[in-house]
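Quick notes on the structure that follows.
The values are calculated or read from the model by the stated rules, or taken from the named source; none is laboratory data. Note that this is a predicted model, so its numbers are computed, not measured. For neighbour counting, all protein chains shown are included, and Cβ atoms are generated from backbone atoms with ideal geometry for every residue, glycine included. What goes into the accessible areas is simple: the full protein's heavy atoms, side chains included, and nothing from ligands, DNA or RNA. Shrake-Rupley method; radii C 1.70, N 1.55, O 1.52, S 1.80 Å.
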Amino acid sequence: MGEKVTNYQCPNCTAPLHFDGTIGKLKCDFCESTFTAEEIEAVYKAQEEAAEKAFVEEEWEAEEEEQELKENIGAEDGDWDDSSMTQDWGEGSEKLRVYNCPSCGAELICEETTAATSCPYCGNPSVVPGQFHGALKPDYVIPFKVDKEQAVAMLKEHYKGKFLLPKSFTNENHIQEIKGVYVPFWLFDGKADADVMFHATRTFVRRQGDYEVSTTHHYNVRRAGTVAFEKIPVDASSKMPDEYMDAIEPFDYGDLKEFSTAYLPGFFADKYDVVVADCSKRADDRAAETAYRAMEDSVKGYMTKICINKDILLKRGEVKYAMLPVWLLSTRWKGQNFLFAVNGQTGKMVGDLPVSNGKFWGLFAGITIPLTIVLSLLLML
Amino acid sequence: MKNYKPILMLLLILSLMIPSAVFAACPEAATDSTMEEQEIYIYDQAGLFTNEQYMKLQEQAMSVSNYSQCGVYFVAVNDYWEYSLAGDVLTAAEDIYHEYGFGYGEERDGILLLLSMVDRDYALVTYGSFAHAAFTDYGQEVMYNNFLDDFSDNHWYGGVLDYIMDSERMLDMALEGTPLDVQGPPEGSIYEDYYESYPDYEDSGESLVMAVPMALLPAAALSLVICLVLKRQMKTARIQTNAFEYVVGNSVDFRVKQDIFTHVTHSRRKINTSSGPKPGGGGTTVRSSGFSGRSGKF
């Protein structure tokens, strides 16, 4: 049985290669040679195909073995009875896969969705091309542009200017883990047809003696039209928090490239584990809201506008599968984990920070007391 | 009959021209005539007083007015709506003041108390700079307290008499150079005893006690908003609700853009320019109409 994992090694010196986002090429850690993704693809095409084939074959074999096990459960005459031994490795073990590192031969125990990782023993970047075979192959990838050092610097920048951040958080917390991950996303195309009715008013106020007379003109305002969308991203990994993946948007689709595993070495990658049908509602909701807002924004020149009827019809289009770059940084402070995500292309940083209660209430009192004094003096005048 | 018509026309024109010519030639005569018109100070269209009461009040008001050169007027009507379309008793009092030509001198200084009996409304208005100086917001407050007690008990004569007497005292103090205001009557004034029971207005300690709770709530609300905005900035991971970033360029295509006028509505509200004397403050609040004063129920 062939290897299911591919190590991308330098064609010059066989040292591990990793994708360097800052130069957009694969770089040798040892001799510092650089190669384009296309060059490496060409070199490793045969190896990748073999790994993919081995992956598929193993899947079939695993299915057959499982079937056999079910049929022959219990001891046969003359054999040792190992039926009491559990086949269960614990909760979630059925979601694990075991690969062998092509460099050092160590066993890599990965989740079933893992598509790119690194060997914990020799540190070589490892890609599982089989995770992307056939229909599972992503259409696009956006390569990393932000490197690890930049991501760490961005986290420190993220702390700056946050008055409510506990001082000890900046001083005491340390980055526990930082990893660059290609996160699977579904990209939805489509069109929304909106027909919205508003009640709008314009009010004119004039003074008549000691009275303020208001004259309000009422209108029924109707807007109907279509809005086309392209590539609304929805993350397809159950492991990624949706709010983080939404908040690091937008990605610049100008950098979209046809998918190649050559962009993966040096990073982690998972294949999708949330299917299109389970993600589409999020894209639908965003498209509908945007279409409504586009109609609403065109109602101008009124002082009030209230929606009284809204019909939005979605015409769903093509869905593409893309791997988008994200840096995940986790820190720990006072027994709590804090997760931060950086858009690996644009550098946009998101993550929730702790709030110091002392600072919060101190600030509250610091504003309230002088403001009360000033207002009291004004009232007494 | 036909021959008399030009003569009748001539007589009519002459009858209109002669008084104008006389007033134009003799300004004093015109002034006298105005004085004649202004000699009525008490208008009792609601039938509140006996003849004797009316005469006493009229005499008293005229005496005060002539002495101070500031008209002191009282008008009682059945329903102020008959005098003003503005919809409130204060405006009705202002309209009556102008309509009846009230006031003394170039600035037409005067004070008018109007009672409207149907809904028991009252309005007290002053006009002219001397009247504004004499009847401060605090002074007007003192007057209300004095006459409202009587009117509430249907003691019309006593109430109007209080009004005239208070007017006299306040005008006198103004003529002396120190109108009655929040600080009370001037030290050693013969009116000290009359107004010693209203010291609250200058008690700044109580004003502070009132002002701090009034200021605390909006200050705390504003502070909380600022703190919550800062707290919100600590959470940056949020679900996206729109997809504007992914709208295909110029793809927003409207097929209907329709704005149809349906109807018009009107509303109006009173501009709150007169709010009575401020605790701890003095002076007179004059509205854009040139009047100061206030209204209410008795």
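So which residues in the range A:282-301 end up with at least 40 square angstrom less accessible surface once the other protein chains are there, compared with the chain by itself, probe 1.4 angstrom?
A:286, A:290, A:293
Convex hull volume of the Cα atoms in the range A:148-361, per residue, in Å³? Can you show the working numbers first?
Working: hull volume 41.1 nm³, N = 214.
Residue-normalised Cα hull volume stands at 192 Å³.
Divide by every residue of chain A the summed helix terms, -39500 (n - 2.57) for each DSSP H run of at least 4, and state the resulting mean residue ellipticity at 222 nm, rounded to the nearest 500 deg cm²/dmol.
Theoretical 222 nm ellipticity from helices: -9500 deg cm²/dmol.
Suppose every Lys and Arg Cβ carries +1 and every Asp and Glu Cβ carries -1, with no other charges. What dipole size does the range A:148-361 come out with about its Cα centre, to the nearest 20 debye?
The dipole of the range A:148-361 has a size of about 620 debye.
Accessible area lost on pairing B with A, both sides, 1.4 Å probe, Å² to nearest 100?
5900 Å²
For the range A:307-363, which trypsin sites (Lys or Arg not before Pro) are in a loop by DSSP, counting at most 13 other Cβ atoms within 10 Å? It would help to have the intermediate numbers written out before the result.
Details: sites: A:310, A:315, A:316, A:320, A:332, A:334, A:348, A:359; in loops: A:334, A:348.
Hits after loop and neighbour filter: A:334.
Which of the pairs A:162/A:359; A:257/A:281; A:239/A:315; A:239/A:348 have their Cα atoms more than 18 Å apart in this structure? Display every interim value, and only then the final one.
On the way: A:162/A:359 11 Å; A:257/A:281 26 Å; A:239/A:315 29 Å; A:239/A:348 20 Å.
Pairs exceeding the cut-off: A:257/A:281; A:239/A:315; A:239/A:348.
Once both axes come from the Cα atoms, what is the angle between helix A:357-380 and the longest principal axis of chain A, in degrees from 0 to 90, rounded to 10?
Tilt of helix A:357-380: around 10 degrees.
What percentage of the solvent-accessible surface of the range A:227-358, computed with a 1.4 Å probe over protein heavy atoms, is contributed by carbon and sulfur atoms?
Answer for the range A:227-358 is 48 percent, counting heavy atoms of protein chains only.
Name the residues whose placed amide hydrogens come within less than 5 Å of the amide hydrogen of residue B:268, ignoring near sequence neighbours (fewer than 5 apart) on the same chain.
A:214
Got the relative contact order for chain A handy, in percent, Cα pairs under 8 Å and 6 or more residues apart?
Normalised by residue count, the contact order of chain A is 23 percent.
Taking a cut-off of 16 Å between Cα atoms, list the lysines near residue A:305, but don't count ones fewer than 8 places away on the same chain.
Result set, ordered by chain and number: B:257.
Taking the solvent-accessible surface of protein heavy atoms with a 1.4 Å probe, what is the per residue accessible area of chain A in Å²?
About 51 Å² of surface per residue is accessible.
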